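Student: Before anything else, here's the structure in question.
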Amino acid sequence: MELMSYSSTFLLPTIPPSPTYALVVLNQSLPRFAPLLWKHAQLRLCADGGANRVYDDMPLLLPHESAFDVRKRYKPDVIKGDMDSIRKEVLEFYANMGTKIIDESDDQDTTDLHKCVAYICDWAPDLDKSNLCILVAGALGGRFDHEIGNINVLCRFSTIRIILISDDCLIHLLPRTHRHEIHIQPTIEGPHCGLIPIGMPSGSTTTTGLQWDLGEYFLSHKASKCLLLLGRPKRTSLENTCLLPTVAYHLLLFFPS
């Protein structure tokens, strides 16, 4: 069974050359480390009203700089969506700055996040998808139906590493078609983590690197698990599973560029 690896090195000030990161900003408050995610990403998209968040919130995260200079520096490459949330002055500002605007108001069958993920996959057709990781800021919090819609995108693009990020934790999907290794960054992650079966029972789940490891454990919507990382492990492995793991941050320093 093929291995999928995950690491949160994007939360560190310097990162290895792999994987290739793309960033999608949704219409929720930016995490305090959003400038760090922006720095590490090679492609930055705003999903519709996510552009309002970049325009409004980035200057607040960098209060010692002029708002105009911050907005010029943190200019999205693409704004994509049905354009029902972005403010007119924000759209005009970024359009004048050279941002690519893609109006898909005729498509009401997919969410703005779905549209952005599809764009990223088309943007990198020759890139090995195992080397691509999509970071989604503003994916958690706010309306619950929006959160569930974002999780649905994880399931629709299950072969792509997509990480939903908030100020407090991160979520991604572990499809049962692969074995999984999660490389923990012990200076910023843990000790709490959770395993939540999604869509169907997980069958037989086996883990290593947790305080209470699971050995061929059956998980269903009636029995998710809240667990602890053991002794700040460098790696946690999971097999035979279709789960949403959640990992909390215990310390997260912001390193401005």
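Student: Do we find a residue being in the same structural domain as residue 25 (by TED's automatic domain parsing), assigned to a helix (DSSP H, G or I), buried (at least 17 other Cβ atoms within 10 Å of the Cβ) and not small (Gly, Ala, Ser) anywhere in the range 123-145? Please lay out each step first, then the result.
Tutor: Of the residues in the range 123-145, the ones in the same structural domain as residue 25 (by TED's automatic domain parsing) are 123-145.
Now narrow it down to the ones that are assigned to a helix (DSSP H, G or I): 123, 129-131, 144-145.
Filter again for buried (at least 17 other Cβ atoms within 10 Å of the Cβ), leaving none.
No, that holds for no residue.
Student: Further question on the same structure: Restricting the search to the range 133-149, which residues are at pLDDT below 90 and on the phi < 0 side of the Ramachandran plot?
Tutor: Let us first name the residues in the range 133-149 that are at pLDDT below 90, namely 139-149.
Within the range 133-149, 139, 140, 143, 144, 145, 146, 147, 148, 149 qualify.
Student: List, please: which pairs have Cβ atoms under 9 Å, are six or more places apart or on different chains, and start with a residue in the range 45-59 that is more than 11 Å from residue 24 (Cβ to Cβ) and free of Cβ contacts under 8 Å to residues at least 24 places away in the same chain and end with one that is surrounded by fewer than 21 Cβ atoms within 10 Å (Cβ to Cβ) and acidic (Asp, Glu)?
Tutor: 59/65; 59/69
Student: Being of a type in the set (A, V, I, L, M) and closer than 14 Å to residue 43 by Cα is the filter; apply it to the range 61-90 and report the residue that is surrounded by the most Cβ atoms within 10 Å (Cβ to Cβ).
Tutor: Step one: filter the range 61-90 for residues of a type in the set (A, V, I, L, M), giving 61-62, 67, 70, 78-79, 83, 86, 90.
Of the ones still in play, those that are also closer than 14 Å to residue 43 by Cα are 78-79.
Values: 78: 21, 79: 27.
Restricting to residues being of a type in the set (A, V, I, L, M) and closer than 14 Å to residue 43 by Cα, the top hit is 79.
Student: Inside the range 1-11, can you point out the residues that are assigned to a loop (DSSP other than H, G, I, E, B) and either in contact with a helix residue (DSSP H, G or I) (Cβ under 8 Å, 6 or more places away or on another chain) or of a type in the set (D, E, K, R) (or both)?
Tutor: The first filter runs over the range 1-11 and keeps only residues assigned to a loop (DSSP other than H, G, I, E, B), leaving 1-2, 8.
Correct list: 2 only.
Student: Taking the residues in the range 1-14 that are over 14 Å from the mean Cα position of the chain (by Cα), under 29 Å from residue 179 (Cβ atoms) and not polar (S, T, N, Q) as candidates, determine which candidate is surrounded by the fewest Cβ atoms within 10 Å (Cβ to Cβ). Talk me through it step by step, then tell me what you get.
Tutor: Of the range 1-14, the ones over 14 Å from the mean Cα position of the chain (by Cα) are 1-5, 12-14.
From what is left, the residues that are under 29 Å from residue 179 (Cβ atoms) are 1-5, 12, 14.
Among the residues that remain, those that are also not polar (S, T, N, Q) are: 1-4, 12.
Working: 1: 10, 2: 8, 3: 11, 4: 20, 12: 16.
This residue is 2.
Student: Scan the range 1-35 residue by residue and report those that are out of contact with any strand residue (DSSP E or B) (no Cβ under 9 Å at 6 or more places or on another chain) and within 17 Å of residue 162 (Cα to Cα).
Tutor: Result: 18, single match.
Student: Do any residues in the range 10-21 that are touching a residue at least 24 places away in the same chain (Cβ under 8 Å) have Cβ atoms under 6 Å from those of residues that are in a loop (DSSP other than H, G, I, E, B), where the two are at least six apart or on different chains, and which pairs are they?
Tutor: What qualifies is 11/188; 13/255; 20/42; 21/41.
The values are calculated or read from the model by the stated rules, or taken from the named source; none is laboratory data. Nothing here was measured: the structure is a model prediction, and the numbers come from that model. Every residue, glycine among them, receives a Cβ derived from its backbone with ideal geometry; neighbour counts consider all protein chains shown.
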